[in-house]
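The values are calculated or read from the model by the stated rules, or taken from the named source; none is laboratory data. Everything numeric in this text was worked out from a predicted model, so none of it was measured. Glycine gets a Cβ as well: all are built from the backbone with ideal geometry, and neighbour counts include every protein chain shown. Accessible surface areas use protein heavy atoms only, side chains included; no ligands, DNA or RNA. Shrake-Rupley method; radii C 1.70, N 1.55, O 1.52, S 1.80 Å.
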Amino acid sequence: MYKPTIGLEIHAELNTKSKMFCSCKNDPDEKRPNFNICEVCTAQPGTLPVANEEAIKKVIKTGLALNCNIAENSKFDRKNYFYPDLPKGYQISQYDQPLCENGYLEIDDRKIRIRRIHLEEDTGSLLHPDGADYSLVNLNRAGVPLMELVTEPDITSGQEARKFAEELQLIFRYLGVSDADMEKGLMRVEVNISLSKTTRPGLVGKLGTKVEIKNLNSFRVVQKAIDFEIKRQSELLDSGEKVVLETRGWHDKKEITFSQREKEEAHDYRYFPEPDLPPLHFDVEYIERIKAEIMELPQQKRERFKSEYGLDEKSAEVFVNNKSLGEYFEKVVSELDEWIDQKNNKELRSAIKLASNYLISDVIGILNGKEFNEKSFKLTPENFAEFIKMIHKKEILSKVAKMVLVEMINTGEDPSEIVDANNWRQMEDSAELEKTIKGVILKNQKAVEDYRKGNTNAIQFLSGQVMAATRGTADPEKVRELLEKII
Ligand SMILES: [Zn+2]
């Protein structure tokens, strides 16, 4: 048996307005190549960098949310290497004094330790046109603030790695530090994995050879690549072969990892302190001010949604993962407070449950794969709450409710207006309902005869006819009761 030891290196582009060391716009959606560039981020001689304070604050904020120690003294360093997408010939990064160290994030009650989080600048990007014997360089991304987070090798499975990365993405988004979109490359996950032999239960032999996996562009792929690598390395070790120290990539179609390059001796980046930027010093008040800006984090929200609204695990998860939907839900609940007798907590709870169910299954269903966004959602929380109240008080029945909901989402209209305009209100008037039932009985004498002869299916048919005649606005139980009474 082998025990996998997995560590992650995660890069996230910060969503600051401007780049890390110049005032160029930081816009990952800019399509025009080399549009957001200047003398500084293209490394013209004689230019000097100025550090973006917003980026520094965002990294500190992330560190605080992830239980890190924040450095009192920090600095930037030069990491020297040559690559065509790196105009300066070095990257400004942080070496021995990262902004944040020794944190952790709990995943399923297990602490995954975070070794460090530091701040650096992103590189430009290269484009290799099909069939051309040259490459193109786009420096829009050069100098964009990039946060690098390194975990300790505490992760033991592909699933755990995926959960960790997903939770981290949520935290970045809740903190508002990064959009962390993996498909757009705004968040990038690299995996380090090695297997060690478990000699006796609970006893692990020395660590095996480390393999690095890069270019993983989704959470699903992170999990799959790790699972694949555990299998591949186990099979190698079982057959007496050696695992090679190397960097591997992920082949999306074949769903396998493949060797990209064998690792040379550790690269010497000749780090030294960046002479063009002053060292950083943070006093306690500065850190405290940043800390005070941290709002509710995903895990706190999960707990609160369960205790405050009585939601189950799964529903709470939906609202936590879709922040906008969660906020909308809370607005609806506060509206419900006004509609529903607050002294009756049980009644409020059941209305809240109703609202949660309609949002999670019906609204999400109607949106049909499109992500919920309150800004583009026509239906206001007030109207949604009123709609829930109408169902709750049985003014409309569930079949009608679904039609009302579609109408409200399309037009943004008031539910009571929609219900009245279509005459969809539940038929309260027994006399009127009786009249309709008598009409149905007259028209369907054969079914009535069948029922009298003991064919119970006939009553089903008759109530179907009544429901159709009332266009779903009658209470089915009451219809049946009256039918039986009259016949
Ligand atoms: Zn610039």
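Look at (1) away from the ligand (no atom under 14 Å from the Cβ); (2) among the polar types (S, T, N, Q); (3) open to solvent by less than 20 Å² (accessible area, probe 1.4 Å) and you find that ASN15 fails only one, number (3). In region 87-104 there is at least one residue that is within 16 Å of the ligand (Cβ to nearest atom) and either closer than 30 Å to THR209 by Cα or hydrophobic (A, V, I, L, M, F, W, C) (or both). Considering region 42-84, and only residues there that are open to solvent by less than 80 Å² (accessible area, probe 1.4 Å) and within 12 Å of the ligand (Cβ to nearest atom), the residue that is farthest from ASP179 (Cα to Cα) turns out to be THR47. Checking each residue in region 451-487 for being modelled with pLDDT under 80, over 50 Å from the mean Cα position of the chain (by Cα) and among the hydroxyl-bearing types (Ser, Thr, Tyr) picks out only THR456.
Considering region 128-144, the residues that are over 18 Å from GLU13 (Cβ atoms) and touching a residue at least 40 places away in the same chain (Cβ under 8 Å) include one that is farthest from the ligand (Cβ to nearest atom), namely SER135. If the condition is being open to solvent by 30 Å² or more (accessible area, probe 1.4 Å) and either of a type in the set (Gly, Ala, Ser) or within 8 Å of the ligand (Cβ to nearest atom) (or both), then region 19-41 contributes SER23, ILE37, CYS38, GLU39, VAL40.
Quick check on GLU166: is it at pLDDT 95 or above and touching a strand residue (DSSP E or B) at 6+ places or on another chain (Cβ under 8 Å)? Spell out the reasoning first.
Numbers: at pLDDT 95 or above: yes; touching a strand residue (DSSP E or B) at 6+ places or on another chain (Cβ under 8 Å): no.
Here the answer is no, as GLU166 does not meet what is asked.
Within region 175-202, the set of residues being out of contact with any helix residue (DSSP H, G or I) (no Cβ under 6 Å at 6 or more places or on another chain) and not in a strand (DSSP E or B) comprises GLY176, ASP179, ASP181, MET182, GLU183, LYS184, GLY185, LEU186, PRO201, GLY202.
In the condition set (1) open to solvent by less than 60 Å² (accessible area, probe 1.4 Å); (2) modelled with pLDDT of 95 or more, LYS214 is compliant with all but (2).
Scan region 467-487 for residues that are surrounded by 14 or more Cβ atoms within 10 Å (Cβ to Cβ) and farther than 17 Å from SER398 by Cβ and report the count. Of the residues in region 467-487, 4 are surrounded by 14 or more Cβ atoms within 10 Å (Cβ to Cβ) and farther than 17 Å from SER398 by Cβ.
Check whether at least one residue in region 145-155 is open to solvent by 10 Å² or more (accessible area, probe 1.4 Å) and either more than 26 Å from the chain's Cα centre (by Cα) or free of Cβ contacts under 8 Å to residues at least 60 places away in the same chain (or both), and report yes or no. There is no residue in region 145-155 that is open to solvent by 10 Å² or more (accessible area, probe 1.4 Å) and either more than 26 Å from the chain's Cα centre (by Cα) or free of Cβ contacts under 8 Å to residues at least 60 places away in the same chain (or both).
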